[in-house]
Amino acid sequence: MIKPHGSEILNPLFVADETARSQLIQEARELPQITASSAAAANAVMLGAGYFNPLTGYMNKADALSVARNMRTTDGLFWPIPIVNIVADPEAIRGAARIALNDPNVEGKPAIAVQDVEGIEEISDAEMTEMVTKIFGTDSEEHPGVATFKGLGRYIVHGPIQVLNFSYFEHDFPDTFRTAPSIREEFAERGWDKVVAFQTRNPMHRAHEELCKMALEATGADGILIHMLLGKLKAGDVPARVRNDAIRTMVDHYFPPNTVMITGYGFDMMYAGPREAVLHAVFRQNAGCSYLIVGRDHAGVGDFYGAFDSQTIFDEKVPDDALEIEIFKADHTAFSKKLGKVVMMSDAPDHTKEDFVILSGTKVREMLGEGVAPPPEFSRPEVADILMAYYQTKSA
């Protein structure tokens, strides 16, 4: 199986030993405390789950700026997006060598991690602007990721962490949330050495289903990891619980047995387009995947990125030796009326737009809200039923 990124073995930061973890939870109650942002809490979950291997905690300002500018830390580790704990007001933890980070997304705000504070550094407005421009390709606050990142504050609290739990993800998604080591273990149990990862924050329609099958066949992989984001999304996106039900139903009905693992990870969507696509590759390698499907407008939002920017970044800005995982590049896929099947549009040069079944996301949402199922060439009927129930409840 493929090696983790940056090390021979995974180094998840979750404290697995129950006695040690209980002692840390007790210690956290006595430490100076600060409520983390949702973004920092999600970073803690990803660090704890081994997805952000080989990082040992939150980056300092020099590393954050270096990663934003060059996709490398100051000591040369390839990394695409700063992993930071940024706060608005650090006064409660000034002078503390060790602090508790409380979870903003769980009732009662329990400690999610204990952090050794190596420093608290202020970010200037110019540095923040540079950082977001490099990460997101824009500093416009109309971009939801930019607005979130700029709103975190101006103080980087850096240092290693020990993770105490996986926030609400284990409780709310017990059958779906998985850590990187547990995914690797299941691959081994299934006898899978080569795996294709499919990233999604949306329900899967026919085009996504067929894309996974195309990638499986083209790469000769042993199986597919459907790996869905379970954290916070922008307004209008389908909630994780609905998406989870829809994807499981689709796989049960339309994939051969033992070809798919359905899992999820605890992270908030950044909508950072190309940079987030590279981050997706890093943590799929840590989860044991040999390939990541990168399609049209991967991790994008609105019109902030070109349709295939998230593919070209791997050719233009990711050094050949930076990652072991390979990218399966996908064109837009759609049902061909001429051929009677889903194809990559680039593989059908004799087609016009009218030869494909193409529906906008807005049109699909309107249809679902009105109780009208999209055509079966676009969406499996079992999936459409789940989505119609959600949109009709939402509009009631």
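The values are calculated or read from the model by the stated rules, or taken from the named source; none is laboratory data. All figures in this text were calculated on a predicted structure; none of them were measured in a lab. FYI the Cβ positions are ideal-geometry reconstructions off the backbone, even for glycines, and counts take in every protein chain you see. For the accessible areas, the whole protein counts, side chains as well, though only heavy atoms, and no ligand, DNA or RNA atoms are used. Shrake-Rupley method; radii C 1.70, N 1.55, O 1.52, S 1.80 Å.
Does region 341-396 classify as rounded, prolate or oblate by the C-alpha gyration tensor (a ≥ b ≥ c root eigenvalues; a/c under 1.5 gives rounded; else a/b over b/c gives prolate, otherwise oblate)?
Prolate shape, in that a/c is at least 1.5 and a/b is the bigger ratio.
So how long is each side of region 190-341 along the principal axes, counting just the alpha-carbon atoms, biggest first, in Å?
Taking the Cα atoms of region 190-341, the three principal extents are 39, 38, 37 Å.
Can you check what the net charge comes to around ASP297, using other residues whose Cβ is under 11 Å from the Cβ of ASP297 (Lys, Arg +1; Asp, Glu -1)? Intermediate results must be reported in sequence, preceding the final value.
Numbers: positive: ARG296; negative: ASP303, ASP309.
Summing Lys and Arg as +1 and Asp and Glu as -1 gives -1.
Taking every pair of Cα atoms in region 1-158, average 1/r, invert it to obtain the Kirkwood radius, and report Rg/Rh to two decimals.
Values: Rg = 15.9 Å, Rh = 16.4 Å.
Reported Rg/Rh, Kirkwood definition of Rh: 0.97.
Given the convex hull over the Cα atoms of region 68-182, what projected area results after averaging over all orientations, in nm²? Display every interim value, and only then the final one.
Details: hull surface 36.5 nm².
Convex hull of Cα atoms, orientation-averaged projection: 9.1 nm².
What value, in deg cm²/dmol to 500, does the helix sum -39500 (n - 2.57) over DSSP H runs of n ≥ 4 give at 222 nm once divided by the residues of the chain?
About -11000 deg cm²/dmol.
Once neighbouring chains are kept in place and the probe is 1.4 Å, which whole percent of the accessible area of region 140-198 is contributed by carbon and sulfur? If you can, show how the numbers build up before the last one.
Values: 1100 of 2450 Å².
C and S fraction of accessible area: 45 percent.
Taking a quarter of the surface of the Cα convex hull of region 307-373, what do you get in nm²? Kindly include the intermediate steps, with their values, before the conclusion.
Details: hull surface 27.3 nm².
About 6.8 nm², averaged over all directions.
Based solely on C-alpha atoms, express the radius of gyration and the Dmax of region 163-229 in angstrom.
13.7, 41
In nm, to one decimal, how far is the modelled label at GLU27 from the one at THR352, with both set 7 Å along Cα→Cβ?
Inter-label distance under the simple model: 7.0 nm.
Would you give the gap between the C-alpha center of region 27-77 and the C-alpha center of region 242-288, rounded to a whole Å?
Computed from Cα coordinates, the inter-centre distance equals 22 Å.
Of LYS353, LYS232, LYS134, which has the largest mean-square fluctuation in a 10 Å C-alpha GNM of the chain?
Checking each option, the largest mean-square fluctuation is seen for LYS353.
So what is the accessible area of the chain per residue, in Å², with the probe set to 1.4 Å? Please report the intermediate quantities before stating the final value.
Numbers: 16550 Å² over 396 residues.
Computed with neighbouring chains in place, this is 42 Å² per residue.
Quick one: compute a quarter of the convex hull surface over the Cα atoms of region 91-247 and quote it in nm².
On the way: hull surface 50.2 nm².
In nm², the orientation-averaged hull projection of region 91-247 is 12.6.
Using the Kirkwood radius over Cα pairs, work out the Stokes-Einstein diffusion coefficient for region 140-198 at 20 °C and 1.002 mPa s, in µm²/s as a whole number.
Details: Rh = 15.6 Å.
Rounded to a whole number, D works out at 137 µm²/s.
In Å and whole numbers, how far do the C-alpha atoms of the chain stretch along each principal axis, longest first?
69, 48, 43
Where both residues lie in the chain, what percent of DSSP beta bridges are antiparallel, nearest 5? Provide the component values of the computation, followed by the final result.
On the way: 23 of 46 bridges.
Percent antiparallel among DSSP bridges in the chain is about 50.
Along each of its three principal axes, how wide is the spread of alpha-carbon positions in region 283-396, in whole angstrom units, largest first?
Principal extents (Cα only, largest first): 51, 38, 28 Å.
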